[in-house]
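Below: one structure, written as C-alpha coordinates.
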Amino acid sequence: MHTMLNISEATSLAFHALALLAREPGRRRSNTELAASLGVSEAHLAKVLLRLARAGLVLSSRGRGGGVVLTDEPSQISLRQVYEVVEGPFPVSTCLANAQVGRPCGADCILGDLLHSVQEQVRDYFERTSLADLVGAPLEGLRASPGGSA
(Lines give C-alpha, C1' and ligand atoms only; values in the text may rest on other atoms or scores of the structure.)
Protein backbone atom coordinates (compact mmCIF):
# COMPACT_ATOMS: atom_id res chain seq x y z
CA MET A 1 0.00 0.00 0.00
CA HIS A 2 1.33 3.43 -0.94
CA THR A 3 0.93 6.35 1.42
CA MET A 4 2.07 9.96 1.39
CA LEU A 5 4.09 9.45 4.56
CA ASN A 6 6.53 6.59 4.12
CA ILE A 7 7.73 5.22 7.46
CA SER A 8 10.01 2.21 7.22
CA GLU A 9 8.88 -1.09 8.70
CA ALA A 10 11.76 -0.94 11.20
CA THR A 11 10.69 2.51 12.43
CA SER A 12 7.07 1.41 12.66
CA LEU A 13 8.14 -1.64 14.69
CA ALA A 14 10.16 0.60 17.01
CA PHE A 15 7.24 3.00 17.54
CA HIS A 16 4.78 0.18 18.20
CA ALA A 17 7.03 -1.93 20.43
CA LEU A 18 8.00 1.06 22.56
CA ALA A 19 4.36 2.15 22.81
CA LEU A 20 3.51 -1.32 24.16
CA LEU A 21 6.33 -1.03 26.70
CA ALA A 22 5.09 2.45 27.65
CA ARG A 23 1.73 0.98 28.68
CA GLU A 24 3.42 -0.78 31.58
CA PRO A 25 6.68 1.04 32.38
CA GLY A 26 9.00 -1.13 34.44
CA ARG A 27 7.55 -4.41 33.16
CA ARG A 28 9.94 -6.53 31.13
CA ARG A 29 8.47 -8.02 27.99
CA SER A 30 10.14 -10.65 25.86
CA ASN A 31 10.75 -10.26 22.16
CA THR A 32 8.44 -13.25 21.63
CA GLU A 33 5.64 -11.59 23.59
CA LEU A 34 6.03 -8.24 21.81
CA ALA A 35 6.21 -9.87 18.37
CA ALA A 36 3.08 -11.92 19.09
CA SER A 37 1.20 -8.84 20.31
CA LEU A 38 2.14 -6.94 17.17
CA GLY A 39 1.83 -9.89 14.79
CA VAL A 40 5.31 -9.38 13.36
CA SER A 41 8.51 -11.35 12.81
CA GLU A 42 10.49 -12.07 15.99
CA ALA A 43 13.75 -11.88 14.02
CA HIS A 44 13.03 -8.43 12.58
CA LEU A 45 11.76 -7.10 15.91
CA ALA A 46 14.89 -8.44 17.65
CA LYS A 47 17.08 -6.41 15.27
CA VAL A 48 15.06 -3.26 15.96
CA LEU A 49 15.16 -3.83 19.73
CA LEU A 50 18.94 -4.29 19.54
CA ARG A 51 19.26 -0.84 17.92
CA LEU A 52 17.05 0.66 20.62
CA ALA A 53 19.14 -1.00 23.34
CA ARG A 54 22.41 0.25 21.83
CA ALA A 55 20.95 3.76 21.81
CA GLY A 56 19.93 3.44 25.45
CA LEU A 57 16.16 3.66 24.97
CA VAL A 58 15.59 0.15 26.36
CA LEU A 59 17.44 -2.20 28.66
CA SER A 60 17.66 -5.72 27.36
CA SER A 61 18.51 -8.88 29.26
CA ARG A 62 18.64 -12.48 28.12
CA GLY A 63 17.58 -15.67 29.76
CA ARG A 64 14.87 -16.56 32.21
CA GLY A 65 13.09 -13.43 33.40
CA GLY A 66 14.77 -11.44 30.66
CA GLY A 67 13.28 -9.13 28.11
CA VAL A 68 13.22 -5.44 27.36
CA VAL A 69 12.10 -2.50 29.46
CA LEU A 70 12.14 1.26 28.87
CA THR A 71 15.13 3.07 30.39
CA ASP A 72 13.21 6.29 30.96
CA GLU A 73 9.70 7.49 31.65
CA PRO A 74 7.52 7.27 28.51
CA SER A 75 6.92 11.02 28.69
CA GLN A 76 10.68 11.59 28.30
CA ILE A 77 11.08 9.65 25.03
CA SER A 78 9.97 11.48 21.88
CA LEU A 79 9.05 9.88 18.58
CA ARG A 80 11.84 11.91 17.00
CA GLN A 81 14.40 10.21 19.27
CA VAL A 82 13.05 6.82 18.23
CA TYR A 83 12.93 7.78 14.55
CA GLU A 84 16.53 8.99 14.58
CA VAL A 85 17.79 5.84 16.31
CA VAL A 86 16.38 3.74 13.50
CA GLU A 87 16.68 6.04 10.48
CA GLY A 88 19.42 8.50 11.38
CA PRO A 89 19.05 12.28 11.43
CA PHE A 90 15.68 13.62 10.36
CA PRO A 91 15.96 14.33 6.62
CA VAL A 92 16.21 17.77 5.10
CA SER A 93 13.42 18.41 2.64
CA THR A 94 14.38 17.92 -0.99
CA CYS A 95 12.72 18.19 -4.38
CA LEU A 96 10.87 15.17 -5.74
CA ALA A 97 12.85 15.57 -8.98
CA ASN A 98 16.17 16.25 -7.25
CA ALA A 99 17.80 13.11 -8.66
CA GLN A 100 16.93 14.09 -12.24
CA VAL A 101 17.45 17.83 -11.92
CA GLY A 102 20.57 17.63 -9.79
CA ARG A 103 19.87 20.80 -7.83
CA PRO A 104 17.85 21.67 -4.75
CA CYS A 105 14.37 23.10 -5.18
CA GLY A 106 14.07 26.82 -5.16
CA ALA A 107 11.31 29.32 -5.65
CA ASP A 108 10.50 27.74 -9.02
CA CYS A 109 9.51 24.33 -7.57
CA ILE A 110 6.26 23.07 -9.09
CA LEU A 111 5.01 22.13 -5.61
CA GLY A 112 6.02 25.39 -3.99
CA ASP A 113 6.81 24.97 -0.32
CA LEU A 114 4.46 21.97 0.17
CA LEU A 115 7.22 19.39 0.68
CA HIS A 116 9.09 21.58 3.13
CA SER A 117 5.88 22.39 5.02
CA VAL A 118 4.82 18.74 5.34
CA GLN A 119 8.30 17.71 6.44
CA GLU A 120 8.32 20.45 9.10
CA GLN A 121 4.91 19.32 10.37
CA VAL A 122 6.03 15.69 10.66
CA ARG A 123 9.27 16.66 12.40
CA ASP A 124 7.40 18.94 14.83
CA TYR A 125 4.84 16.20 15.56
CA PHE A 126 7.62 13.67 16.23
CA GLU A 127 9.39 16.16 18.51
CA ARG A 128 6.35 17.02 20.61
CA THR A 129 4.84 13.51 20.77
CA SER A 130 6.18 11.20 23.45
CA LEU A 131 5.62 7.51 24.05
CA ALA A 132 3.26 8.52 26.86
CA ASP A 133 1.04 10.16 24.24
CA LEU A 134 0.69 6.79 22.47
CA VAL A 135 -0.41 4.77 25.50
CA GLY A 136 -4.12 4.92 24.57
CA ALA A 137 -3.58 4.13 20.87
CA PRO A 138 -4.67 0.72 19.52
CA LEU A 139 -1.45 -1.23 18.97
CA GLU A 140 -2.30 -4.92 18.95
CA GLY A 141 -2.04 -6.81 15.66
CA LEU A 142 0.20 -4.48 13.65
CA ARG A 143 0.74 -7.09 10.92
CA ALA A 144 3.48 -5.49 8.85
CA SER A 145 2.60 -4.99 5.21
CA PRO A 146 4.54 -6.93 2.57
CA GLY A 147 5.60 -3.71 0.80
CA GLY A 148 8.23 -2.81 3.41
CA SER A 149 6.20 -0.17 5.22
CA ALA A 150 3.97 -0.69 8.18
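Return the residues of the range 65-88 that are on the phi > 0 side of the Ramachandran plot and loosely packed, with under 15 Cβ neighbours inside 10 Å; say none if nothing qualifies.
Gly65, Gly88
Considering only residues that are free of Cβ contacts under 8 Å to residues at least 24 places away in the same chain and surrounded by 14 or more Cβ atoms within 10 Å (Cβ to Cβ), which ones fall in the range 13-35?
Ala35 - this is the single residue of the range 13-35 that is free of Cβ contacts under 8 Å to residues at least 24 places away in the same chain and surrounded by 14 or more Cβ atoms within 10 Å (Cβ to Cβ).
If you take the residues in the range 112-150 that are of a type in the set (S, T, N, Q) and at pLDDT 75 or above, which one is surrounded by the most Cβ atoms within 10 Å (Cβ to Cβ)?
Within the range 112-150, the first condition is being of a type in the set (S, T, N, Q), and the residues that meet it are 117, 119, 121, 129-130, 145, 149.
If we keep only those that are at pLDDT 75 or above as well, we get 117, 119, 121, 129-130.
Details: Ser117: 12, Gln119: 15, Gln121: 10, Thr129: 15, Ser130: 20.
Among those residues, the one meeting the criterion is Ser130.
So which residues in the range 30-58 are touching a strand residue (DSSP E or B) at 6+ places or on another chain (Cβ under 6 Å) and more than 21 Å from Ser78 (Cβ to Cβ)? Break it down into steps so the answer makes sense when it comes.
If we filter the range 30-58 for residues that are touching a strand residue (DSSP E or B) at 6+ places or on another chain (Cβ under 6 Å), which is where we start, we get 30, 49, 52-53, 58.
Result: Ser30, single match.
In the range 6-29, what count of residues is obtained for those that are under 12 Å from Pro74 (Cα atoms) and more than 15 Å from the chain's Cα centre (by Cα)?
Summing the residues that are under 12 Å from Pro74 (Cα atoms) and more than 15 Å from the chain's Cα centre (by Cα) in the range 6-29 gives 4.
Any chance the range 34-48 includes a residue that's outside any loop (DSSP other than H, G, I, E, B) and of a type in the set (Ser, Thr, Tyr)?
yes
Would you call Arg64 at pLDDT 90 or above and closer than 26 Å to Glu42 by Cα?
Considered against the rule, which asks whether it is at pLDDT 90 or above and closer than 26 Å to Glu42 by Cα, Arg64 comes out as no.
Would you point out which residue out of Val86, Val82 is touching a strand residue (DSSP E or B) at 6+ places or on another chain (Cβ under 8 Å), at pLDDT 95 or above and either part of a loop (DSSP other than H, G, I, E, B) or of a type in the set (Val, Ile, Thr) (or both)?
Val86
Restricting to the range 36-53, name every residue that is within 16 Å of Thr11 (Cβ to Cβ) and in contact (Cβ under 8 Å) with a residue 24 or more places away in the chain.
Across the range 36-53, the qualifying residues are Leu38, Val40, Ser41, His44, Leu45, Lys47, Val48, Leu49, Arg51, Leu52.
Looking at (1) more than 14 Å from the chain's Cα centre (by Cα); (2) of a type outside the set (Ser, Thr, Tyr); (3) farther than 17 Å from Ala132 by Cβ; (4) at pLDDT 95 or above, which is the one condition that is false for Leu70?
Looking at each condition in turn, Leu70 falls short on (3).
The values are calculated or read from the model by the stated rules, or taken from the named source; none is laboratory data. These figures come from a predicted structure and were not determined experimentally. Backbone-built Cβ (ideal geometry, glycine too); neighbour counts: all protein chains shown.
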